[in-house]
Amino acid sequence: MTRIPRKIMLLYSLAAILTLAACGDKQNNTAGAAVGQTVAAAQFGIGLPAPDFALQDIHGQKVTLSSHKGKAVIVDFWATWCAPCRIVMPHLQELSQKYPDQLAVLAVSLDQNPLAVVPPFVDRMGLTFTILADPAAMQVAQQWGGIRSIPTAFLIDRDGKILHQWVGVHPRGEYEQKIRQVLGLEV
């Protein structure tokens, strides 16, 4: 029986922890408390219409969820300081490139100072999908059920209904399987 070196085992253990983890609202950030708050009056959940929003992207352009009707949409709540979020970003990039005419990815930054920290992060990661860096994102997070952990992503169908939610890191194939179902492609 072959013995696995201790360093490799530690790396595998760390990877497993990150894969199962999500950055919760107890992180050392001032935004965390606001992310965990819920809006009791709002109707939100799987099978219900996704709440529309208007946020600015990293280029200062206003982006609305409703402008993507007719496409499948992933709305991903994330932050630059969140290690699991950084793992998910390449998955979202690959999927946005694989389904450019059928899928929109809207990544909503929950960073405390998004206009300062998000654009350099996007450049380093080579991200080309829509990145929203608007201080009003915290209110959107509240409308979307009070995001408690990030990354939290939602899959919206072509008619604007919430069909699926992912919390934490998931394999790229898991996202793609749900996307293909929404798009009516072979699964």
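Computed from the coordinates by the stated procedures, all read-outs in this text should not be read as laboratory data. What you see is a predicted model, and the numbers here were worked out from it, not measured in a lab. Counting neighbours? That spans all protein chains shown, and the Cβs are built from the backbone with ideal geometry, glycine included.
Hey, for a label at Gln143 modelled as a point 7 Å past Cα toward Cβ, could you say which residues of the stretch 80-120 have their backbone N under 16 Å away?
In the stretch 80-120, the label zone of Gln143 (backbone N under 16 Å from the point 7 Å along Cα→Cβ) covers 106-110.
If you take the Cα Rg of the stretch 120-183 and divide it by 2.2 N^0.38 Å, with N the number of residues, what do you get?
1.26
Return one quarter of the surface area of the convex hull spanned by the alpha-carbon atoms of the stretch 40-187, equal to its mean projected area, in nm².
Averaged projected hull area, Cα only: 8.0 nm².
Net charge within 12 Å of Asp157 by Cβ-Cβ distance, Lys/Arg positive one each and Asp/Glu negative one each, not counting Asp157 itself?
Net local charge, Asp157 excluded: +4.
When the chain is fully extended, how far beyond the present Cα-Cα distance does Ala136 get from Asn113, taking 0.36 nm per residue of separation?
Gain in length upon complete extension: 7.2 nm.
Give, as ranges by residue number, the residues of the stretch 115-140 whose backbone N falls under 17 Å from the point 7 Å along Cα→Cβ of Gln61.
Residues passing the 17 Å test: 119, 122-123, 127-134.
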